[in-house]
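Below you'll find the structure, written out as structure tokens, and then a few comments.
Read-outs throughout are calculated quantities, based only on the coordinates presented, and are distinct from any laboratory measurement. Not measured: the values here are computed from a predicted model. Cβ coordinates were reconstructed from backbone atoms using ideal geometry, including for glycine residues, and neighbour counts include every protein chain displayed.
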Amino acid sequence: MSEGVDKDRLRAEILEKVREYYAAAFSSPAPFVPGKTRVGYAGRVFDERELVSLVDSSLDFWLTYGRFSEQFERGLAEYVGVEHVLLVNSGSSANLLAFAVLTSDRLGDRKVGRGDEVITVAAGFPTTVAPVVQFGAVPVFVDVVLGTYNVDVRQLEAALSPRTKAVMLAHTLGNPFDVDAVTAFCERNGLWLIEDNCDALGSEYRGRRTGSFGHIGTSSFYPPHHMTMGEGGAVYTGDDLLAAALLSLRDWGRDCWCRSGKDNTCGKRFSQQFGTLPYGYDHKYVYSEFGYNLKATDMQAAVGVAQLEKLPAFVEARRRNYARLRELLAPLEDVLVMPVATEGADPSWFGFLMTVREEAPVTRDALVRALEDAKIQTRMLFAGNMVRQPVFDRMRGTGAGYRVVGELVNTDRIMNDAFWIGVYPGMTDEILEFMGGVIQEALR
């Protein structure tokens, strides 16, 4: 840069222009027109702070893991109430990493190996289960309970076998599962617990944030989630051994724990012995795991830093929108199974999930069509019944690969009769009342 140019002044001017751009491009959304304006099930909620933070990061041109990533990890750890947070490139990668660490040799006899079993549910999202299958372990599916839509904890003992090593469960659409029962079961049987917290950031169980109960928790920051980086996710734990292994697996499997752009943090980079490598082999190129590169960029993290400041308000808006829909739809209890919070839980709701009762005057599909015709987005509970998905057809053909406890009756009910609509912070009272009115009209 030319001598005498004030870089700090230029940066400040650029960021001020970004604020002006936000005001011109985003600050005046189009008015809501019932039946014509599309009502999303979720969406980004942001202001000039996200744009300023993003551009501020881009001006550093660091691009990979950097100062915003470190700031975000510290902030999320404090929010969730855990010791260690690792930023990754997606929630699916977070689940992959969370399960991969359980296969590490560092865990000795407790590591999960091929053929070992992991208890989960079939009513959920595929990437809660995919890592189990990808590492050669066996998912064991139990049913869920209508209303809370979480694991039926009464079936856990029936799912247990001598090969069981872990439990991997999501808090369904932000509603915590019965944490007391699940953690007691895991402790009693020496099992790992992974909390898929991707749909539940900010949810609480008996006054404590979800994601902090299991040995490992995960988050997603895809745009529909509680906060966004566009893409992105996180893995968190309070266990120092797991944290070290997670860091190695996230960063190519290397043994070195230096941050990007840093060398010789330990002061012993060229003075250690590892296996049969030459003495003093560069520690930056010593590998203790078969790992990945799952880091997010610092520009993504810069957006996350701004979003994290808003997260408490986002959570309160979700709770408020859920309560309003519950009020609007209260007259329909006889035809719809409404979502209810797990006892002891204060959910940060991701969506409003309903099951059409068998005696209802319309089917789920007809009700969904009425909503979609009114430009209101709907969603199924993800895979419905996972074991009925095409990807499981091949596994059935082999006669191995997974186990089912019981008949998954409620899981099938959800697959056939349930759907959900959004409660995200961008929804106004006018939108909520319109959605409630469309549902009531369709059920007349």
| query | Once you sort the root eigenvalues of the Cα gyration tensor of the chain as a ≥ b ≥ c, which label holds: rounded (a/c under 1.5), prolate (a/b larger than b/c) or oblate (the other case)? | reply | oblate
| field | Computed magnitude of the charge dipole of the chain (debye, nearest 20; Cβ of K, R +1, Cβ of D, E -1) | value | 760
| region 1-106, Cα convex hull volume normalised per residue, Å³ | 187
| message | Using a 7 Å offset from the Cα along the Cα-to-Cβ direction at both R206 and W257, what is the distance between the two label points in nm, to one decimal? | response | 3.1
| What percentage of all Cα-Cα pairs in region 331-371 are separated by more than 17 Å? | 40
| request: Please give the length that would be gained between A23 and L63 if that part of the chain were fully extended, namely 0.36 nm times their separation in residues minus their C-alpha to C-alpha distance (nm, one decimal). | output: 11.8 nm
| field | Pairwise FRET efficiency - Q134 versus R9, Cβ, R0 = 51 Å, nearest 0.05 | value | 0.50
| R326 versus L241: modelled label distance in nm, points set 7 Å from Cα along the beta carbon direction | 4.1
| field | Cα gyration tensor shape of region 350-444, rounded if a/c is under 1.5, else prolate or oblate by comparing a/b with b/c | value | prolate
| If you count the DSSP beta bridges with both ends in the chain, what percent of them are antiparallel, to the nearest 5? | 55
| Taking each full run of DSSP H in the chain as one helix, which ones are at least 30 Å long along their axis (Cα atoms) and have mean Kyte-Doolittle hydropathy of at least -0.5? | 298-328
| Over region 1-115, what relative contact order in percent results from Cα pairs under 8 Å that are six or more residues apart? | 18
| What number comes out for the charge environment of P347, summing +1 per Lys or Arg and -1 per Asp or Glu over other residues with Cβ under 11 Å away? | -1
| message | If each DSSP helix of 4+ residues adds -39,500 (n - 2.57) and the sum is divided by the residues in the chain, what number results at 222 nm, nearest 500 deg cm²/dmol? | response | -11500 deg cm²/dmol
| What FRET efficiency comes out for the pair D334/T276, r = Cβ-Cβ distance, R0 = 51 Å, nearest 0.05? | 0.10
| remark: In terms of the charge dipole of the chain, which places +1 on Lys and Arg and -1 on Asp and Glu at the beta carbon, the residue among V45, P331, A302 farthest towards the positive end is A302
| Can you work out the base-10 log of I(q)/I(0) for region 232-382 at q = 0.08, 0.17, 0.21 1/Å, using the Debye formula on its C-alpha atoms alone? | -0.49, -1.07, -1.34
| said: For region 45-204, what does the relative contact order come out to in percent, with C-alpha contacts under 8 Å and a separation of six or more? | reply: 17
